[in-house]
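The values are calculated or read from the model by the stated rules, or taken from the named source; none is laboratory data. In this text the structure is predicted, and so the values were computed from the model without any measurement. Using ideal geometry, Cβ is built from the backbone for each residue, glycine included, and neighbour counts are taken over all protein chains shown. In case anyone asks, the SASA skips ligands and DNA or RNA and just uses the protein heavy atoms, side chains included. Shrake-Rupley method; radii C 1.70, N 1.55, O 1.52, S 1.80 Å.
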Amino acid sequence: EAEDRLPGRSPLAQPPCDGHPACRGGHNRQIRSQMRPSRTLALVCMVVVFGVSYTIAGNIRAKTLGKYSGVVTTVLNSVLYVVVYFPVLFWRRWRGIIPPEQMAWTYSWRSPHAACGDSLWKRTGAWKYMLLAGFCDCLSQVLQFTSQAYVSLVAQVILHQMNVLYTAGWSMTLMGTRYVLLEVAGMSLSALGGIMTIISEPAKSSSAFHLALYAISAAPPALVLKEIMFRRWSAHAQSDLGDGCRPAALDIWCVNSMAALFQLFWVIPMAVVAAARERDADETAFEFFVGAWSCLHGSPSSGCSGALEWYLNYFFFDVLANVFIYMLISEGSALLAFITLKVNVPLTAILGLIHWPVVGAAKLNIAEVCSLFLVSAGAVLFFRGSLKREAIAGGVRNVCCFPLFAS
């Protein structure tokens with residue numbers, strides 16, 4: 001289970017299983033287990049550093065591309081994720097870092113445990129989760145990038161913290177996770193901070209529509225579906241190994257490569273819908289795409305300057321942030337990744353006060369300061385509650401009935 005790898009919990013002491021394909025490097029397992037706290041801390045730091053850089057670079061990219069930001073960024077991201085991730089996947093497989101069994105399980109059309117009378121869902125391989133995750137990734141990016149140019153940087157980082165509400169809800173629905181009262185209080189404070197931002201921001205330059213669009217952009221459960229992928233592999237490998245051995249974790253490049261492949265599958269219909277929504281009244285969807293291409297290449301008639309350079313700068317931080325988030329999910333859970341991203345809120349708000357190219361310097365009003373305080377306090381309470389829940393759990397995932405009573 002992913003919770004078994006959260007910081008502060010000692011991994012189960014299980015003997016190595018040298019030679020079994022699902023548990024490569026058996027003698028190194030105990031060494032890696034002893035190093036896990038420092039590894040997790042390093043991953044947390046990397047997610048914070050590249051997460052903040054990604055947010056600021058993305059805001060500059062959005063302002064440069066304007067109304068074309070949603071379509072251009074989503075399409076280019078989908079193509080470049082495949083271009084970047086698959087060579088790394090094949091290289092790791094060629095070097096023997098990824099066992100062939102993991103590749104076969106990830107890309108298998110049929111579930112290895114399927115029985116004749118099972119439903120189509122049960123008979124289908126694990127790729128079905130990545131098909132849905134690719135759709136969720138694509139939808140989330142279209143919503144976020146379409147609205148990003150019209151929402152202030154401070155409002156973006158505050159609204160982004162409402163993600164934990166969506167993730168907690170999907171974790172409860174899809175994985176049966178339950179939360180203690182402190183966690184619920186933390187989520188409630190984060191929600192209150194987001195609501196205050198939505199109410200107060202239209203008094204500035206942001207539109208209520210784009211604020212709402214940005215607020216719901218993280219609702220699709222992409223990260224939770226990817227966590228389910230890691231869990232399903234652990235359950236599959238454990239069933240082959242038995243209770244006497246702890247299986248090797250599914251390689252993150254198996255997961256992010258397949259998610260990228262399915263995001264590319266969904267991007268064309270998503271881009272067409274987004275173009276139809278964002279185009280001018282006297283403009284066809286085809287003309288919108290032509291204008292987006294001209295803007296990306298900095299055509300003088302488009303009014304865009306340096307769009308391609310700012311996009312590449314953004315994509316560099318995006319890839320690194322994604323890789324470290326995947327690694328953190330593999331080590332811990334989707335919610336642990338979100339808890340780590342909470343650190344980005346005050347840090348990004350502070351760095352946003354610096355004068356940046358294109359976007360200038362952000363300005364804080366009293367409502368935003370209060371919202372930042374609420375979401376930060378909510379993050380602290382949520383993290384405290386998570387530690388409490390893990391301490392109570394004793395190896396059992398569903399430790400209490402939402403939100404008070406033991407199950």
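In segment 342-370, how many are surrounded by 21 or more Cβ atoms within 10 Å (Cβ to Cβ) and farther than 23 Å from M187 by Cα?
The total comes to 2.
Are there any pairs, at least 6 apart or on different chains, whose C-beta atoms fall under 8 Å, with the first in segment 307-318 and in contact (Cβ under 8 Å) with a residue 60 or more places away in the chain and the second among the charged types (D, E, K, R), and if so, which?
So the pair list comes out as A307/R61; W310/R61; Y311/R61; N313/R61; Y314/R61.
Give me the residue from segment 102-126 that is among the polar types (S, T, N, Q) and in a loop (DSSP other than H, G, I, E, B) and, out of that set, surrounded by the most Cβ atoms within 10 Å (Cβ to Cβ).
We begin by selecting, within segment 102-126, every residue among the polar types (S, T, N, Q); these are 102, 106, 108, 111, 119, 124.
With the extra rule that they be in a loop (DSSP other than H, G, I, E, B), the set shrinks to 108, 111, 119.
Numbers: S108: 13, S111: 19, S119: 8.
The selected residue is S111.
Listed residues I216, I199; which is surrounded by fewer than 20 Cβ atoms within 10 Å (Cβ to Cβ), modelled with pLDDT of 85 or more and not hydroxyl-bearing (S, T, Y)?
Going through I216, I199 in turn, just one is surrounded by fewer than 20 Cβ atoms within 10 Å (Cβ to Cβ), modelled with pLDDT of 85 or more and not hydroxyl-bearing (S, T, Y): I216.
Mind counting the residues in segment 364-388 that are touching a Ser or Thr at 6+ places or on another chain (Cβ under 8 Å) and among the charged types (D, E, K, R)?
Result for segment 364-388: 1.
For segment 286-314, enumerate the residues that are at pLDDT 85 or above and either open to solvent by less than 20 Å² (accessible area, probe 1.4 Å) or over 30 Å from the mean Cα position of the chain (by Cα) (or both).
Within segment 286-314, F286, E287, F288, V290, G291, A292, S294, C295, L296, A307, Y311, Y314 meet the criteria.
What are the pairs with Cβ atoms under 6 angstrom where one residue, in segment 109-121, is modelled with pLDDT under 75 and the other, located anywhere, is open to solvent by 50 Å² or more (accessible area, probe 1.4 Å)? Sequence gap at least six, or different chains.
A114/R123
It is to be established whether one or more residues within segment 381-393 are over 25 Å from T177 (Cα atoms), open to solvent by less than 60 Å² (accessible area, probe 1.4 Å) and at pLDDT below 80.
Just the residues of segment 381-393 that are over 25 Å from T177 (Cα atoms), to begin with: none.
Checked segment 381-393: no residue is over 25 Å from T177 (Cα atoms), open to solvent by less than 60 Å² (accessible area, probe 1.4 Å) and at pLDDT below 80.
Mind listing just one residue for me: the one in segment 58-86 that is basic (K, R) and open to solvent by 40 Å² or more (accessible area, probe 1.4 Å) and, of those, nearest to L139 (Cα to Cα)?
Restricting to residues being basic (K, R) and open to solvent by 40 Å² or more (accessible area, probe 1.4 Å), the top hit is K67.
Out of G194, G169, report the one residue that is free of Cβ contacts under 8 Å to residues at least 24 places away in the same chain and not aliphatic (A, V, I, L, M).
G169
Residues to consider are V142, V157, V164; find the one that is at pLDDT below 85, crowded, with 23+ Cβ neighbours inside 10 Å and out of contact with any Phe, Trp or Tyr (no Cβ under 9 Å at 6 or more places or on another chain).
Details: V142 fails: at pLDDT below 85; V164 fails: out of contact with any Phe, Trp or Tyr (no Cβ under 9 Å at 6 or more places or on another chain).
Matching residue, one of V142, V157, V164: V157.
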